[in-house]
1. State whether one or more residues within the stretch 71-83 are at pLDDT 95 or above and on the phi > 0 side of the Ramachandran plot.
2. Need pairs with beta-carbon distance below 7 Å; first residue farther than 14 Å from residue 47 by Cβ and within the stretch 64-78, second surrounded by 18 or more Cβ atoms within 10 Å (Cβ to Cβ); sequence gap 6+ or separate chains.
3. All but one of (1) in a helix (DSSP H, G or I); (2) modelled with pLDDT under 95; (3) exposed (fewer than 11 other Cβ atoms within 10 Å of the Cβ) hold for residue 148; state the number of the condition that does not hold.
4. Considering every residue within the stretch 93-100, establish whether at least one is over 18 Å from the mean Cα position of the chain (by Cα) and in contact (Cβ under 8 Å) with a residue 12 or more places away in the chain.
5. With the structure loaded, tell me whether residue 65 is part of a helix (DSSP H, G or I), modelled with pLDDT of 95 or more, farther than 16 Å from residue 112 by Cα and touching a helix residue (DSSP H, G or I) at 6+ places or on another chain (Cβ under 7 Å) or whether it fails that test.
6. Of the residues 27, 76, 52, 16, only one is in a helix (DSSP H, G or I) and in contact with a strand residue (DSSP E or B) (Cβ under 7 Å, 6 or more places away or on another chain); which?
7. When the stretch 79-108 is examined, which residues are found to be outside any strand (DSSP E or B), surrounded by 14 or more Cβ atoms within 10 Å (Cβ to Cβ) and touching a helix residue (DSSP H, G or I) at 6+ places or on another chain (Cβ under 6 Å)?
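The values are calculated or read from the model by the stated rules, or taken from the named source; none is laboratory data. A quick note: this is a predicted structure, and the numbers were derived from the prediction, not measured. Cβ placement follows ideal geometry from the backbone for every residue including glycine, while neighbour counts extend to all protein chains displayed.
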């Protein structure tokens, strides 16, 4: 005898799965390609530059930077080493205790970040802003915030501020 089973997902859930998730992946692939082509940066480079470029002294202790961009300590250490070799970052012992490491933007890194901001803003406009109405953008912002807040409650991501 064959046992009747409930569907794994409703038609609406499958519609979400087959529209939203591929779009999200394609969007990030497109944004990543454009950032690489226009600013010679990877998404990981951008995350580091964006986090440091938006702090008062353009520097953070390594553990704070890793937490802010959701990198493991080893991933940040390896990636920062490559960015230091490219002249985008500098590394110094923490002044407070000498045990920790502070990563900061070099003048070249800050200039590269500022130029990349221009490209990233244009890319976002091309991919999202120009194709959606003002109301759709507001709805997308509301939905994104709601999902992120829910993930924070589930323990999978930081709750947005």
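1. Scanning the stretch 71-83, I find no residue that is at pLDDT 95 or above and on the phi > 0 side of the Ramachandran plot, so the answer is no.
2. Correct list of pairs: 73/66.
3. Every condition holds for residue 148 apart from (3).
4. Restricting attention to the stretch 93-100, the residues satisfying the condition of being over 18 Å from the mean Cα position of the chain (by Cα) are 93-100.
Now narrow it down to the ones that are in contact (Cβ under 8 Å) with a residue 12 or more places away in the chain: 94, 100.
There is at least one residue in the stretch 93-100 that is over 18 Å from the mean Cα position of the chain (by Cα) and in contact (Cβ under 8 Å) with a residue 12 or more places away in the chain.
5. Working: part of a helix (DSSP H, G or I): yes; modelled with pLDDT of 95 or more: yes; farther than 16 Å from residue 112 by Cα: yes; touching a helix residue (DSSP H, G or I) at 6+ places or on another chain (Cβ under 7 Å): yes.
Answer is yes for this residue.
6. Details: 27 fails: in contact with a strand residue (DSSP E or B) (Cβ under 7 Å, 6 or more places away or on another chain); 76 fails: in contact with a strand residue (DSSP E or B) (Cβ under 7 Å, 6 or more places away or on another chain); 16 fails: in contact with a strand residue (DSSP E or B) (Cβ under 7 Å, 6 or more places away or on another chain).
Going through 27, 76, 52, 16 in turn, the sole match is 52.
7. Hits for the stretch 79-108 are 79, 88.
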